[in-house]
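S.K.: If you scroll down you'll find the structure; I have some questions about it.
The values are calculated or read from the model by the stated rules, or taken from the named source; none is laboratory data. All values reported here derive from a predicted model rather than from experimental measurement. A quick note on method: Cβ atoms are made from the backbone with ideal geometry, for glycine too, and the neighbour counts reach across all protein chains shown.
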Amino acid sequence: MNATPPDLSSLRIQREEPASGSSRRGVWLAGVLALVAVIAIAGWLLRPRALTVETAGVTASGGPSAGGGITANGYVVARTKASVAAKIPGRLDYLGVHEGSTVRRGEIIARLESGDVEAQLGAARANQGQFEAQLAQARNDLERARTLAARQVLSPADLESAGTRVAVLAAQVAAARAQVVLAEVNLENTRVRAPFDGTVLNKDAEVGEIVAPASAGGSLTRTAIVTMADLRTLEVEVDVNEAYISQVRNGQEAAITLDAYPDTSFHGRVRQVVPTADRQKATVLVKVSILDRDSRILPEMGAKVVFARDAAGGATVAPPQRLLVPAAAVVDGPAGPQVWVVEDGRVSARRVATGPVREGQTEVRHGLSGGETVVVHPPAGLRERLRVKAARP
């Protein structure tokens, strides 16, 4: 018996379709990964960058050490100092001093052109001599008139006339002498004399310039010829914070150190505590006499003064420390002065109450506790919690 074999072609495994589906899934997965990578890169590029700023720390200063006294800074000044000017306007004809010249009181240090004044003086003296000669002749005539009147040769009226002429000429002589004195004063006013013993610090005018008293000075005239001072009266003027002024008194001993000679100390004594305060700086001016005479000490030198503690064993209460920040760190905020404080890499505005500014440092009386880091020269655009990075020095 012949049997027909079965058709098995329908049982073949179809391999083409499964292969096509696996390829599509791979392409989809690669696209997803690429999109994630693009998003990550974009996020990294667009992330907020830290703003670079200049910073400084809040420092504490002003409290004296346990073994020392109150310290204050100031400058050397001369108690006796003057800008010497002429008494009358004129052209400077002679100047006999220069910077550093030592002069005595009354010494002529300059002269103005005086030809016209000398001529006036000469004329006044000649006029005086003329009247004096006439007066002498009139007096002789009066003596003869009296003799003749006694002999009854001359009438009483003529005698009276001779006496009147003598009186008139005597008055004219007095007036002529006054004119001479006035001309001598005018001539003396052309001479500029030193008002005290001292040293010339500055030469403020040159020969040929027009000079005048300060009250008559104009834009084209000098009002001072030289500036001089008595270097024997040098002292130091310092500004003492008003919080410590109760510990400074007249006669108190002090040690003075000049910025020019930091290794040398000079003996000083408080001469005067000026009885008023500077409301802007919250300080009181104290004048300290320099007891050690030294040619190295010059006016306008910077100096530091350390006031000795009380002789009672240092019972003086130490004043509180002051908090200082760079003056450039304090800016005007919506509610007044403020600083930008850096904490954990971010900034925040802090309102402060400020005190005096000295040597580029501002005293902060309220708003900071010390040890903070503040932004110096805050740039525009700072805002709360903005990330910042300190600039490299």
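S.K.: Val207: of a type outside the set (D, E, K, R) and farther than 18 Å from Pro89 by Cα, yes or no?
M.R.: Taking the combined requirement at face value, the residue does not satisfy it.
To keep it simple, each residue is scored yes or no on (1) hydrophobic (A, V, I, L, M, F, W, C); (2) in the same structural domain as Ala212 (by TED's automatic domain parsing); (3) within 30 Å of Thr80 (Cα to Cα).
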site	(1), (2), (3)
His98	no, yes, yes
Ser101	no, yes, yes
Arg105	no, yes, yes
Ile109	yes, yes, yes
Ala124	yes, no, no
Asp141	no, no, no
Arg151	no, no, no
Leu182	yes, no, no
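S.K.: Among Arg249, Arg222, which is the only one that is closer than 22 Å to Val306 by Cα and modelled with pLDDT under 95?
M.R.: Result: Arg249 is the single residue among Arg249, Arg222 that is closer than 22 Å to Val306 by Cα and modelled with pLDDT under 95.
S.K.: To continue, here is another question. Quick check on the stretch 129-142. Is at least one of its residues surrounded by 13 or more Cβ atoms within 10 Å (Cβ to Cβ), part of a strand (DSSP E or B) and either touching a strand residue (DSSP E or B) at 6+ places or on another chain (Cβ under 6 Å) or on the phi < 0 side of the Ramachandran plot (or both)?
M.R.: The answer is no; no qualifying residue exists.
S.K.: OK, next. Go through (1) buried (at least 16 other Cβ atoms within 10 Å of the Cβ); (2) out of contact with any strand residue (DSSP E or B) (no Cβ under 8 Å at 6 or more places or on another chain); (3) among the aliphatic types (A, V, I, L, M) for Ala110 and report which single condition fails.
M.R.: (2)
S.K.: Looking only at the stretch 370-381, which residues are touching a residue at least 60 places away in the same chain (Cβ under 8 Å) and not in a strand (DSSP E or B)?
M.R.: Scanning the stretch 370-381 gives Gly370, Gly371, Glu372, His377, Pro378, Pro379, Gly381.
S.K.: Would a scan of the stretch 307-324 turn up a residue that is touching a helix residue (DSSP H, G or I) at 6+ places or on another chain (Cβ under 6 Å) and either modelled with pLDDT of 90 or more or more than 30 Å from Met228 (Cα to Cα) (or both)?
M.R.: yes
S.K.: Need the failing condition index for Arg271 against (1) under 19 Å from Gln361 (Cβ atoms); (2) at pLDDT 85 or above; (3) not in a loop (DSSP other than H, G, I, E, B), just the number.
M.R.: Exception for Arg271: condition (1).
S.K.: Let me ask you something else. Residues in the stretch 88-103: is at least one farther than 28 Å from Asp230 by Cα and of a type in the set (A, V, I, L, M, F, W, C)?
M.R.: Taking every residue of the stretch 88-103 in turn, none turns out to be farther than 28 Å from Asp230 by Cα and of a type in the set (A, V, I, L, M, F, W, C).
S.K.: Name the one entry in Asn250, Asn186 that is under 26 Å from the mean Cα position of the chain (by Cα), over 30 Å from Leu323 (Cβ atoms) and not β-branched (Val, Ile, Thr).
M.R.: Asn250
S.K.: Out of contact with any strand residue (DSSP E or B) (no Cβ under 8 Å at 6 or more places or on another chain), modelled with pLDDT of 65 or more and aliphatic (A, V, I, L, M): does that describe Leu35?
M.R.: yes
S.K.: Pick from Arg193, Arg177: which is under 30 Å from Val97 (Cβ atoms) and under 60 Å from the mean Cα position of the chain (by Cα)?
M.R.: Arg193
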